[in-house]
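Read the structure below first, then the notes.
Nothing in this text is a laboratory measurement; each read-out follows from the coordinates by a stated rule. Just so you know, these numbers come straight off a predicted model, no measurement behind them. Ideal geometry is used to build each Cβ from the backbone, glycine not excepted, and the neighbour counts take in all protein chains shown.
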Amino acid sequence: MAANVRKAVFPVGGLGTRFLPATKAIPKEMLPVVDKPLIQYAVEEAAAAGIEEFIFVTSRGKTAIEDHFDHSHLLTTSLEASGRQDLVALIEDWLPGPGQVAYVRQMSPLGLGHAVWCARHLVGDEPFAVILPDDLVQAETPVMAQMVAAHAEMGGNLVAVMDVPREETRRYGILDVAHDDGRLAEVSGLVEKPDPADAPSTLSIIGRYILSADVFAELDAMEPGAGGEIQLTDAMARLIGRMPFHGLRYEGRRFDCGDKLGYLEATVAFALARDDLGPGLASYLSSTVRATGEES
Ligand code: G1P
């Protein structure tokens, strides 16, 4: 059985230019889907999978994330004084404890592989998870928990995958597949953001990984790949053949919250799933869609 996955790395150094001006003064990871920041969904997903140590790879201007994962004594005291224990629970219940969260600065925006490499001393020599908060998945069993269970079976490296339309392959890391049982695909190659014509398949990586610490030695080379960036996909590709490597078709619905339309879809889907907001939003949406249909 593979070793437990105890640590997760959250690359949160990106500038968030696609959401300007909203992200001029706040990190894109603090954008809310309904009423919870993207980064909190990611951390809660990790915690639900048994992760105990949360490593953020940050950059300048990201201190709001540190404040979010800390007690706010002023807020707690004032909420307690007004008898709002329900709200205290909303800001406290999901907080990792002291010493469970660590921050390291990426210092230069050299790519996802470089961001993960910056966490190498905090991860050490054990398998670890990587979660990209932009990829938000609505699932009955949180995706990282599905991955930890599959990793306990298979060991090695594991990435969450989904099929995408061929014209979208240049947005993702794409798998070449040796064997596929419909749930787990055995990876025989990986290409970062290939042109549709060159893509070895349409099975693409979404932002969930469980990796062997051996990936750090591959990242040490600092070789730029697609887009001139140091790509995690390239370092992972060099591990193929040396240990098991699988893509897991997870159960759930993924939203690309790094994209405005994906972010809006996530907001609607997560709000519709809530008892307090779902019915009201559903009736607003259906009347709006009807009115739009009548106009056109
Ligand atoms: C990153 C990875 C890519 C992966 C994608 C998932 O790309 O490099 O392999 O498919 O995340 O969202 P990015 O979206 O950061 O350009």
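Contact order, relative form, for the chain: 22 percent (alpha carbon pairs under 8 Å, 6 or more residues apart, mean separation divided by residue count). Taken as entire DSSP H runs, the helices of the chain that both span 15 Å or more between Cα atoms along their own long axis and average 0.5 or more on the Kyte-Doolittle scale are 38-48, 143-154, 260-272.
On the beta carbon distance between E294 and E167, with R0 = 45 Å, the FRET formula returns roughly 0.85. Between the listed residues L110, V164, Q40, the Cα displaced farthest toward the positive end of the dipole of the chain, a dipole computed from Cβ unit charges relative to the Cα centre, is found at L110. Using a cutoff of 8 angstrom between alpha carbon atoms and counting only pairs six or more residues apart, the relative contact order for the stretch 123-271 works out to 36 percent.
Scaled to the globular estimate 2.2 N^0.38 Å, the Cα spread of the stretch 24-119, given as radius of gyration, is 1.19. Packing here is the average count of other Cβ atoms within 10 Å per residue, and on that basis the peptides 91-103, 156-168, 74-86, 20-32, highest first, run 156-168, 20-32, 91-103, 74-86. One Cα centroid belongs to the stretch 256-274, the other to the stretch 14-92; the line between them spans 18 Å. Partner lysines whose Cα lies under 26 Å from the Cα of K62, excluding those fewer than 8 positions away in the same chain, are identified as K7, K24, K28, K36, K260. Under the convention that each Lys and Arg Cβ holds +1 and each Asp and Glu Cβ holds -1, the size of the dipole of the chain around its Cα centre is about 520 debye. Using r as the Cβ-Cβ distance of E186 and D93, and R0 as 41 Å, what FRET efficiency do you calculate, to the nearest 0.05? The pair E186/D93 has a calculated efficiency of 0.55.
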